[in-house]
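Values in this text are rule-based calculations from the coordinates and carry no lab data. Quick caveat: nothing in here was measured; it's all calculated off a predicted structure. Every residue, glycine as well, gets a Cβ built from its backbone with ideal geometry; the counts of neighbours run over all protein chains shown.
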Amino acid sequence: MRPGAVNTAFVLDMQRKLHRWSVANAEKVFADLFNIVCDRRTLLESWRRLTRNKGSRTPGTDGVTRKTVEERLGGAVRFIEDIRGELLHVSRDREHGFQGIVSRDFRRS
């Protein structure tokens, strides 16, 4: 199995499970979604899907394109790990009562 296939399989499996559970019980509360979002496999699969999108060639509101991210030291993997680290940091802050807004300027990374 190719490396990206593991990420794709994980994400598709989770999507199917979430759909099945929500159809079976419309009142179900999904308390663990944040952990699924922060999972490296989810983030890597999201990046893979983004790179296939024509819009990824144009800059975002921060002025950064996919190509810019990929050409930096560490490339997309480092970028994804940085994003994951920030998500987990915000999560820990919120657990301890901090409700600040986090903003990131990707042009400086």
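Odds and ends about this structure:
- Looking across the range 6-34, the residues that are out of contact with any Ser or Thr (no Cβ under 9 Å at 6 or more places or on another chain), assigned to a helix (DSSP H, G or I) and not charged (D, E, K, R) come down to V6, T8, A9, L12, Q15, L18, H19, W21, S22, V23, A24, L33.
- Residue-level analysis places N35 among those that are out of contact with any helix residue (DSSP H, G or I) (no Cβ under 7 Å at 6 or more places or on another chain) and among the polar types (S, T, N, Q).
- Residue within the range 35-49 that is of a type outside the set (F, W, Y), part of a loop (DSSP other than H, G, I, E, B) and either without any contact (Cβ under 8 Å) to a residue 12 or more places away in the chain or loosely packed, with under 15 Cβ neighbours inside 10 Å (or both) present: no
- Residues of the range 57-78 satisfying the condition of being in contact with a Ser or Thr (Cβ under 9 Å, 6 or more places away or on another chain) and closer than 25 Å to D13 by Cβ: A76
- One residue stands out in the range 51-73 among those that are surrounded by 13 or more Cβ atoms within 10 Å (Cβ to Cβ) and aliphatic (A, V, I, L, M): the one that is farthest from the chain's Cα centre (by Cα), namely V64.
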